[in-house]
Structure formats: C-alpha cells, structure tokens
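A short worksheet on the structure shown next.
The values are calculated or read from the model by the stated rules, or taken from the named source; none is laboratory data. Since we're looking at a predicted model, the values are computed, not measured. Note: ideal-geometry Cβ built from the backbone for every residue, glycine included; neighbour counts use all protein chains shown. Note: accessible area is taken over every heavy atom of the protein model, side chains too, but ligands, DNA and RNA are not part of it. Shrake-Rupley method; radii C 1.70, N 1.55, O 1.52, S 1.80 Å.
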Amino acid sequence: MPLNPKDLILTLLLASDEQLLEAREAVSACALFGVRANSVRVALVRLNAAGLLEAAGRGSYRLGPRAVELAGELSLWKQAEARIRPWAGGWLMVYTGELKRSDKPAQNRRLRALRLAGFEALRRDLHVRPDNLVEDLTALRQRLGRLGLDAEAMLWRAETLEPACEAQARTLWDGEALNARYRESTQRIRQWLAKLPALDTEEAARESFLLGNAVIRQMIYDPLLPDPLVDSAARRDCLEAVREIDEVGHDIWRRLREAAFSVGSADGVA
C-alpha cells in the first residue's frame, strides 16, 4: 500500500520537540518513501484546509486544533493498563437506535468512536463491552463524544446480562486472534530492535515508521478486554514493546530532522 504523505507529516510533527515542521523537511522525509515533492505540498495544503495543520510562519506548520485534540485521544494507548481495572462481570451498553441513519458521515464517525472504545454490536443499534474501564460514565461519555459519538446516544451500565446474551457477548471479540497479534507484534518489534544497530539512519527511519505505525494502530484499536477474554499478560508485553519502538522511532526521526536542518543551513550559508 502506498504511503500516505498526510500520515507521515502528522507523525513528523508529533515527533518534534518544538511541534513545528518546515515544508522542506516534510519534502525530504517523504522522499525517503518515494513520495514526490508535489504530493507533499498538496498534502500540506489539504491538512491545513482540514484544520489539522496551521501556518506557523513562512513555510512552517504546527498541529491545528483538530489534530491536537485527536492526537491527545489517540495517545491514550500509552496509558492502556492504567485505564482498566479488574472485571467484575458487568457490561457497558450504548444504544443508538434513535439516531438518524441518513447522515452517513455521522454514522461512520459513530461506529468508529464505538470501535475505538472497544464496543461491539450485540444487537442492531446495541453495542456492548466489558465494564472494566476506570472511567465513570460521565468521563466515558465525554471521550466517546470527542471520538465522534452523538450526544443523544444512550450509555449505561448493566451488572448482568440474560444468560443467552451473556454467552453471545463473550463471543463478540476473537480473543485468540488478539492474543496471537500481541505475541506476533512483540516478536516483530524485538527482532527489529535487535537489528537496529546495523541500519543506517534513513533505513532505520523508514522501517521504524512503517512498523511503528502498524503496531501503534493495533494498540489504538485494542478493545482492552479483561481476562479471561484475552491474555492480559501478552497484551502488557506487547504494550511495553510498542512503547519502546515508539520512543526509538521518535529519536531516529529527531536525529534525521536535525541532520536535514544542518545540511539545509549549510546550503543556505553557502
């Protein structure tokens, strides 16, 4: 799948200590993935128009308000284990049956918000997840709203479900597949970190971006299920590995930016 320059631009900004990115830096970085300069400039314009970037001077950009809020929500994966508690058997329920279906973009945002929070459909318009989050209902409603769930959606706790519904609810997530992905991602990260010393900076930057984005996305969409629905120890191992490659990747990209800046400054003096 071709690299989306918008994803790379946003990643570069998130990795920047100053939260600033020059257009020439974006062009140089995307060139490592074979993305043409014109495509990068188009991506910058579109990100600016969407409110995800804003101008910070001539040829410089920073994250826009929409991106800052979204980045904060998506970065919650780093605190995943602190956001859950032991499961006592209850369920969180969301009902969307009274919401409009004609607005497809709103419906897509609604379903994406529920998926990001780990909910799955038990019945038409009824989504559930284990009640093992530390958030109270008010905080969870606010987070779901920021992710795109309509304010009119109904959210409540259920201490128990009717036995047949309980049995069905426990099958909504493929725990074995989740466990396999935890172990596979952990192994891939450990193997890549082991070979990192042999890579040059540009190769390391490319590979850290591709692998890092894949495993971070896995953690962002992880439903944070409790035992016995998943192997929480395997998830913790995976989360630790993802944190490590995230930190290493940010350091690699910072060094790449510093090198590019130094070259650019030297060219300017010449």
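Tabulated results
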| item | result |
| --- | --- |
| Area of residue 39 that stays accessible when all protein chains are in place (1.4 Å probe, Å², to 10) | 50 |
| Region 158-260: relative contact order as a whole-number percent, Cα under 8 Å and 6+ apart | 43 |
| Protein-only accessible surface order, largest first, of 61, 95, 182 at 1.4 Å | 95, 61, 182 |
| Most fluctuating residue given options 251, 103, 125, as computed from a GNM of the chain linking Cα atoms under 10 Å | 103 |
| All lysines inside 29 Å of residue 195 as judged from Cα atoms, apart from same-chain residues fewer than 8 positions distant | 6, 78 |
| Residue-count net charge about residue 136 - beta-carbon cut-off 12 Å; Lys, Arg +1, Asp, Glu -1 | +2 |
| Heavy-atom surface of region 12-138, accessible at 1.4 Å and reported per residue (Å²) | 53 |
| Integer Hz, Karplus 6.51/-1.76/1.60 couplings in order for region 194-201, x for Gly and Pro | 5, 8, 3, x, 8, 9, 6, 4 |
| J(HN,Hα) series, region 239-254, from Karplus relation 6.51 cos²θ - 1.76 cosθ + 1.60, nearest Hz, glycine and proline x | 4, 4, 5, 5, 4, 5, 5, 5, 5, 5, x, 4, 5, 4, 5, 5 |
| Under 5 Å, built H, 5+ apart or other chain: amide partners of residue 84 | 134 |
| Per-residue SASA entry for residue 41, accessible area with 1.4 Å probe, Å² rounded to 10 | 130 |
| Per-residue HN-Hα couplings for region 162-170 [Karplus 6.51, -1.76, 1.60; θ = phi - 60°; Hz; x = Gly/Pro] | 4, x, 5, 5, 4, 4, 5, 4, 5 |
| The chain - percent of accessible surface contributed by carbon and sulfur, probe 1.4 Å | 52 |
| Within region 225-240: backbone nitrogen closer than 20 Å to the residue 214 label point (7 Å, Cα to C-beta) | 235-240 |
| Projected area averaged over orientations for region 16-165, convex hull of C-alpha atoms, nm² | 12.2 |
| Per residue accessible area of region 168-242, 1.4 Å probe, in Å² | 49 |
| Cα long-axis angle, helix 104-116 against the chain (0 to 90 degrees, to the nearest 10) | 80 |
| Fluctuation leader among 29, 80, 259 - the chain, Gaussian network, Cα springs under 10 angstrom | 259 |
| FRET efficiency, 1/(1 + (r/R0)^6) with R0 45 Å, evaluated for residue 50 and residue 190 via beta carbons | 0.75 |
